[in-house]
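The values are calculated or read from the model by the stated rules, or taken from the named source; none is laboratory data. Quick caveat: nothing in here was measured; it's all calculated off a predicted structure. Here Cβ is always computed from backbone atoms with ideal geometry, including for glycine, and neighbour counts include all displayed protein chains. Surface accessibility is based on the protein's heavy atoms, side chains included, excluding ligands, DNA and RNA. Shrake-Rupley method; radii C 1.70, N 1.55, O 1.52, S 1.80 Å.
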Amino acid sequence: MARPEKVATVTEIRERIENSEIAILTKYVGINVENVSELRKQLREADVEYKVYKNTLARRALAEVGLEEVADVMDGPTAWAFSKDTVGPTKILNDFMKTSKFVQMSGGILSGKAVSSEQLKALASLPSRDQLLGQVAGTVAAPLRNFVGVISAVPRNLVNVLEALRKQKEEGAEAA
């Protein structure tokens with residue numbers, strides 16, 4: 001019979017997987033305390049939960065949610081990063097991987113589907129949500145700006161033509 005602590009841990013892992021938009025599995029062999037503390041701090045600031053679980057318990061939780069294939073990337077010490085933000089944790093981990101060879105994204109779960117480390121790296125290269133919203137707003141606003149420019153050009157050009165006619169009449173009157 002399973003011990004209550006192990007059952008509780010499997011339940012915790014399963015609930016975190018189900019309640020997170022993304023769960024990233026990371027290998028962390030050889031990292032020192034200073035580096036892991038810095039990584040945990042960065043992840044905590046981004047509202048990412050970072051936790052180490054026994055692989056055997058994690059495999060049971062993955063089996064319960066029907067994602068056994070994710071267990072294939074668990075090789076050696078594995079830490080999990082759980083978040084509701086899909087891009088933030090991948091960016092933090094990807095940037096950290098550039099400075100520390102001891103942490104590697106090995107795979108994960110995105111919206112209930114298994115993803116590879118390559119897909120996580122591609123996700124990390126996406127602009128942030130705010131940048132994407134800004135790009136969409138700029139794309140929507142550009143035609144409106146152009147339309148306003150065209151509409152305001154008509155009266156401006158009419159004023160320029162009338163001013164030129166006025167000057168021409170004044171010059172014609174002075175010449176006579």
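Summary table
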item: Some residue of region 110-128 being out of contact with any Pro (no Cβ under 6 Å at 6 or more places or on another chain), open to solvent by 100 Å² or more (accessible area, probe 1.4 Å) and modelled with pLDDT under 85; result: no
item: Any hit, region 10-25, residues being open to solvent by less than 20 Å² (accessible area, probe 1.4 Å) and in a loop (DSSP other than H, G, I, E, B); result: no
item: Region 1-24 residues that are farther than 13 Å from Leu57 by Cα, paired with ones that are open to solvent by less than 30 Å² (accessible area, probe 1.4 Å) and of a type in the set (Ser, Thr, Tyr) (beta carbon under 7 Å, 6 or more apart); result: Ser20/Ser83; Glu21/Ser83; Ile22/Ser83; Ile24/Thr90
item: Candidate set: region 48-78, residues that are open to solvent by less than 40 Å² (accessible area, probe 1.4 Å) and polar (S, T, N, Q); chosen: the one farthest from Pro127 (Cα to Cα); result: Asn55
item: Some residue of region 80-87 being of a type in the set (Asp, Glu) and farther than 25 Å from Leu126 by Cβ; result: no
item: Members of region 82-103 found to be surrounded by 13 or more Cβ atoms within 10 Å (Cβ to Cβ), more than 16 Å from the chain's Cα centre (by Cα) and not aliphatic (A, V, I, L, M), listed by number; result: Ser100, Phe102
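Okay, residues lined up against (1) free of Cβ contacts under 8 Å to residues at least 24 places away in the same chain; (2) more than 30 Å from Asp130 (Cα to Cα); (3) assigned to a helix (DSSP H, G or I):
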site: Gly30; (1), (2), (3): no, yes, no
site: Leu43; (1), (2), (3): no, no, yes
site: Thr56; (1), (2), (3): yes, yes, yes
site: Arg59; (1), (2), (3): yes, yes, yes
site: Gly76; (1), (2), (3): no, yes, no
site: Phe96; (1), (2), (3): no, no, yes
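Table: residues versus (1) assigned to a strand (DSSP E or B); (2) surrounded by fewer than 11 Cβ atoms within 10 Å (Cβ to Cβ); (3) of a type in the set (A, V, I, L, M).
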residue	(1), (2), (3)
Trp80	yes, no, no
Met105	yes, no, yes
Gly108	yes, no, no
Leu132	no, no, yes
Val136	no, yes, yes
Leu144	no, yes, yes
Lys169	no, yes, no
Glu174	no, yes, no
